[in-house]
Amino acid sequence: MPLALLALAVSAFGIGTTEFVMMGLLPNVADDLGTSVPTAGYLVSAYAIGVVLGAPLLTAIGSRVPRKRMLLLLMALFTIGNLASAFAPDFGWLLAGRLLAGLPHGAFFGVGAVVAARLVPDGRQARAVATMFLGLTVANIVGVPAATLLGQHLGWRATFVVVSVIGLGAMAALARLVPQMPVDSHQGLGREMKAMGNRQVLLGLLTAVLGFAGVFAVYSYLSAMTTEAMGFGESSVTLVLALFGIGMTLGALAAGPLTDRALRPTLYGSLAALAVVLVVFPFTVHVQWAALVMVVLLGGIGFMTTTPLQMLVMNKAKDAPTLASASNHSAFNLANAGGAWLGGVAIAAGWGWTSPALVGAVLAVVGLAVAATAGLLDRTPGVSRVVTGGSSAHNKQEAGVR
């Protein structure tokens, strides 16, 4: 494994930590800044809005910037956003800091996925991308619980200072380990925008919005389900969230090799399995050991959808994959917001704490239908499987994409 992938994974660890840690710090932030917990919840939304806006915007602005330099600039912006959050004098400034920290998220993963694919031989691109995403999953096992504990004992500001230090360390690793990748002569915003108009790219993004929303319909309310439905105490919430993170990591490890071997079947299988898990979840939630197993399965199977979706939009964008790759993370965050909203609607309607799982199952099935439709419509011969950003990378290995 190239050491440059380690630098990308460390960066992903920092991004994943700051993305999810706010959910555990909302009471602390609300008490310190004199606001309510629901109002403090806008800090989660601000970060997600930053991701949705920043992914296409920053990728477009940096379309002619060499990819290593772009990664360093994005990680610098991430670090500045977290420092701004740490020293925010009031809620408004903290909201702005969270928005700023979220802006580089999607663009970093979009550029990083393309860089990861260029670092490895033909046929191992999905494994390389999945390795980068391991940093994001490990953040949910180690980074988020540790950062939450730190914030609870030393204050929430200390959490963002530590995340800023991680950002500086990631910048050093990127500068040292990632090789220079000059801008290709054909690389530019016009070509990237043209690639975004590809029907298969758009269907892939729609699949991400719908299918992955099924995961977040449950994950957004997993803490409440732990105490209200599973019968655990509040002290067990961290454990349950960590089990979800372990499932995510296992899913990422499995998704890479499977996607390299057969992209579309991996996508179809993971979405179908996700729907099954979500349907079964409400029937097992009251048996504690079974509920914990289902949490791991939900994290694992849910995250197995991310690598094939990432590779799909990159492959279909051919030799201009960066904007499509980044936009995929905007799609994931739209799935986050949409899944959480629909899950909340189900709970507010009085359908019970486990009702978001059934809502999620419907979303997964709809996502599967979109993915299957895209597969039937895909009749393009000679689809490239190697997404290096250069036309020389094209080959005829379309079997794994179909």
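Points to keep in mind about this one:
- Checked against the criterion of being small (Gly, Ala, Ser), at pLDDT 90 or above, part of a helix (DSSP H, G or I) and within 19 Å of the chain's Cα centre (by Cα), the range 280-299 contains one or more residues that satisfy it.
- Of all the listed residues (Ala96, Ala4, Ala76), the sole one being farther than 21 Å from Thr148 by Cβ, surrounded by fewer than 19 Cβ atoms within 10 Å (Cβ to Cβ) and either within 21 Å of the chain's Cα centre (by Cα) or not small (Gly, Ala, Ser) (or both) is Ala76.
- Condition check for Ala107: open to solvent by less than 30 Å² (accessible area, probe 1.4 Å), under 21 Å from Ala337 (Cα atoms) and not charged (D, E, K, R): yes
- Here Thr354, Thr305, Thr322 are screened, and the one residue that is in contact with a Gly (Cβ under 8 Å, 6 or more places away or on another chain), farther than 21 Å from Leu368 by Cβ and touching a residue at least 12 places away in the same chain (Cβ under 8 Å) is Thr322.
- Odd one out for Gly233, checked against (1) farther than 24 Å from Gly269 by Cα; (2) touching a residue at least 12 places away in the same chain (Cβ under 8 Å): (2)
- Enumeration of residues in the range 7-53 that are crowded, with 20+ Cβ neighbours inside 10 Å and part of a loop (DSSP other than H, G, I, E, B): none
- Within the set Ala242, Ala273, Ala254, Ala262, the sole residue that is without any contact (Cβ under 8 Å) to a residue 40 or more places away in the chain, surrounded by fewer than 19 Cβ atoms within 10 Å (Cβ to Cβ) and of a type in the set (A, V, I, L, M) turns out to be Ala273.
- The criterion of at least 2 residues that are at pLDDT 85 or above, in contact with a Gly (Cβ under 8 Å, 6 or more places away or on another chain) and within 25 Å of Pro56 (Cα to Cα) is met, among helices (runs of 4 or more DSSP H) falling completely within the range 103-178, by 125-138, 156-177.
The values are calculated or read from the model by the stated rules, or taken from the named source; none is laboratory data. Small disclaimer: the values here were computed from a predicted structure and weren't measured. Please note: Cβ atoms are built from the backbone with ideal geometry, for glycine as well, and neighbour counts cover all protein chains shown. In case anyone asks, the SASA skips ligands and DNA or RNA and just uses the protein heavy atoms, side chains included. Shrake-Rupley method; radii C 1.70, N 1.55, O 1.52, S 1.80 Å.
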